[in-house]
1. Under the condition of being under 18 Å from residue 251 (Cβ atoms) and not in a helix (DSSP H, G or I), which residue from segment 93-116 is nearest to the chain's Cα centre (by Cα)?
2. Please list, ordered by residue number, the helices (runs of 4 or more DSSP H) wholly in segment 186-286 having 3 or more residues that are touching a residue at least 40 places away in the same chain (Cβ under 8 Å), within 30 Å of residue 157 (Cα to Cα) and not aromatic (Phe, Trp, Tyr).
3. Somewhere in segment 206-216, is a residue surrounded by 14 or more Cβ atoms within 10 Å (Cβ to Cβ), within 21 Å of residue 102 (Cβ to Cβ) and not polar (S, T, N, Q)?
4. Using the structure shown, decide if residue 213 is outside the structural domain of residue 120 (by TED's automatic domain parsing), touching a Gly at 6+ places or on another chain (Cβ under 9 Å) and of a type in the set (D, E, K, R).
5. Taking residue 22 as the residue in question, decide whether it is in contact (Cβ under 8 Å) with a residue 24 or more places away in the chain and part of a strand (DSSP E or B).
6. Quick check on my filter: what residues within segment 251-266 are among the aliphatic types (A, V, I, L, M) and surrounded by 20 or more Cβ atoms within 10 Å (Cβ to Cβ)?
7. Condition first: crowded, with 16+ Cβ neighbours inside 10 Å, in contact with a helix residue (DSSP H, G or I) (Cβ under 6 Å, 6 or more places away or on another chain) and over 16 Å from residue 120 (Cβ atoms). Now tell me which residues in segment 217-233 satisfy that.
Amino acid sequence: MATIKTVGVIGSGQMGNGIAHVAALAGFDVVLNDLSADRLKSAMATINGNLTRQVAKKIITEDAHQKALARIKSAETIDGLSGCDLVIETAVEKEEIKRKIFHDVCAVLKPSAIVASNTSSISITRLAASTDRPEKFIGIHFMNPVPVMELAELIRGIATDDETFDAAREFVTKMGKQIAVSEDFPAFIVNRILLPMINEAIYTLYEGVANVEAIDKAMKLGAHHPMGPLELADFIGLDTCLSIMQVLHEGLADSKYRPCPLLVKYVEAGWLGRKSQRGFYDYRGDKPVPTR
């Protein structure tokens with residue numbers, strides 16, 4: 001079986017820095033790649049802050065904190081990933097962008113390197129077919145936030161070989177995650193179930209059944225969800241929610257997956273949730289205020 005020692009992470013956003021954090025803590029050497037030096041600096045600060053919180057909560061020791069930080073190196077060019085045994089892409093949920101990344105990174109990787117996508121909905125088989133190594137390509141979908149959530153979905157493409165699957169499973173297990181194996185269908189398991197629920201909550205708002213506050217309160221107190229569906233949508237990012245619903249709608253050709261027009265409207269307005277300071281809640285004040 002392929003031995004994974006050095007892990008490359010493409011993209012230093014919330015998912016990327018979370019994967020880098022957990023991989024380094026598990027003893028892997030990590031190369032965190034992004035085109036922007038400022039984003040890389042911000043990601044390292046976020047990782048340090050999250051590790052510091054884990055020390056304060058006595059989840060890890062200060063020694064583990066410092067060793068994990070020392071294992072993470074930054075790279076502003078794709079060439080910096082050339083020595084990696086596994087590279088995980090965490091870019092925005094747009095297929096053409098992911099394909100471009102895989103084209104570029106495969107050109108510098110050693111032939112034995114495994115390539116993975118953290119995509120939350122896009123076909124692993126189709127992404128793999130755009131590379132020079134479909135048998136060494138796999139979906140590893142971590143949940144957000146990565147340092148907290150216990151699950152990772154493993155998704156094989158039609159060409160993924162057993163060695164790649166076994167190496168990915170061992171890697172994810174070493175990171176302390178539980179595994180759910182999914183067939184390569186649109187949105188896999190978690191988002192196939194979760195996003196239609198969020199979309200239905202948005203329809204409930206759109207049709208005037210209830211306001212934002214009532215919908216979230218109903219699901220938190222009535223179904224014991226830790227976070228209301230509209231609050232969760234803002235946390236995920238409304239653009240990501242829309243992308244996943246579009247993949248479901250197009251991939252399964254079923255009208256029940258039609259994205260709510262209000263979700264489309266919010267994304268068109270640039271109201272993407274927490275990351276843009278406005279979504280179903282306005283985050284610009286001292287506490288979030290519903291926008292409807």
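The values are calculated or read from the model by the stated rules, or taken from the named source; none is laboratory data. Source: prediction; values computed, not measured. No Cβ is skipped: glycine too gets one built from the backbone with ideal geometry, and neighbour counts run over all protein chains shown.
1. So, considering only residues that are under 18 Å from residue 251 (Cβ atoms) and not in a helix (DSSP H, G or I), the one nearest to the chain's Cα centre (by Cα) is 93.
2. 190-206, 238-252
3. no
4. Judged against the criteria, residue 213 is a match.
5. No, not satisfied.
6. Hit for segment 251-266 is 263, nothing else.
7. 219, 228, 229, 230, 231
Residue-wise test of (1) crowded, with 18+ Cβ neighbours inside 10 Å; (2) modelled with pLDDT under 95; (3) β-branched (Val, Ile, Thr).
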{"residue": "2", "(1), (2), (3)": "no, yes, no"}
{"residue": "5", "(1), (2), (3)": "no, no, no"}
{"residue": "17", "(1), (2), (3)": "yes, no, no"}
{"residue": "33", "(1), (2), (3)": "yes, no, no"}
{"residue": "38", "(1), (2), (3)": "no, no, no"}
{"residue": "47", "(1), (2), (3)": "yes, no, yes"}
{"residue": "57", "(1), (2), (3)": "no, no, no"}
{"residue": "72", "(1), (2), (3)": "yes, no, yes"}
{"residue": "82", "(1), (2), (3)": "no, no, no"}
